[in-house]
Amino acid sequence: MAETELSLIFPQRFGDSVHGRLPGDHVLTSIAVPSTTPELKTERLLLRGWRASDRGPFAAMNAEPQVVEQLPAALSRPESDALADRIEAHFKMHGFGFWVIETVNTEFVGFVGLAVPTFKSHFSPAVEIGWRLNPKHWGQGYATEGGRAALEYAFEQLDLEEIVSFTATENRRSRGVMERLGMSRDPADDFDHPQLPPEHRLSRHVLYRIDPPRAPLVSGVRLV
Ligand SMILES: CC(C)(COP(=O)(O)OP(=O)(O)OC[C@H]1O[C@@H](n2cnc3c(N)ncnc32)[C@H](O)[C@@H]1OP(=O)(O)O)[C@@H](O)C(=O)NCCC(=O)NCCS
């Protein structure tokens, strides 16, 4: 994809631009990032930037058997911290990322947000939406509520033209979030995840896509 097309995906909306690399050999030259992490508020949640105090609950979540059932492996504390480092670096590079989500009483719920996938695929370059919640917060619609806010930010603030989401075929809960968000799947888009061996139990993935809404969103999400 040519740089001009990339700049359609990542239009210049903020002051200072940064240079980076997208999956494959695409040079990212046109995106500009805000100096602070944007925060989003929904009816029940705050989506915010990462703090040092998030690292403990994040590691606890990443070690939960229920959480890692649909992920390649549980993470050790250093692996979990390294993932938090990568998420923070992503915010610095792109101006968006996987936000921490917390409840009104400031309890750490998990993360939801936007990211540029690190692997090359038939749908790259792309921006994905993703989520991971502590199981004690499953079944309350938090992933869907946070996901709606992230989608609204992607389309209304970043002017992105499409958001994708992907997960192991068997990940019913994650697919449920995608479907509640109005994302749709074409089986022709299914793929084997290039970062997993083909024989891995989670290798086969489904891809969901969503375009910007034709009318403005009215979810009540506000930037704080
Ligand atoms: C994927 C994951 C975030 C989904 O969590 P979830 O709680 O099932 O999803 P939501 O927050 O959207 O909640 C939906 C559930 O809450 C219920 N619910 C209750 N109140 C609700 C509300 N106000 N709005 C929407 N749903 C609500 C829904 O009926 C649904 O219930 P169900 O589980 O019986 O179908 C979670 O399972 C997870 O973290 N998994 C591990 C990590 C992972 O797999 N991440 C994705 C990798 S690609």
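Bear in mind that the values in this text are calculations on the coordinates, not laboratory data. If you're wondering where the values come from, they're calculated on a predicted model, not measured in any experiment. Cβ atoms come from the backbone with ideal geometry, glycine included; neighbour counts cover every protein chain shown.
Annotations
- Over all pairs of different C-alpha atoms in the stretch 82-154, the reciprocal of the mean inverse distance, the Kirkwood hydrodynamic radius, equals 13.0 Å.
- The aspartates and glutamates whose alpha-carbon is closer than 18 Å to the alpha-carbon of LYS120, local same-chain residues fewer than 8 away aside, are GLU3, GLU5, ASP25, GLU128, GLU162, ASP189, ASP190, ASP192.
- Cβ crowding within 10 Å ranks GLU152, GLU102, GLU161 as GLU161, GLU102, GLU152, fewest other Cβ atoms first.
- Centre separation in Å (Cα based) which lies between the stretch 84-120 and the stretch 164-179: 18 Å
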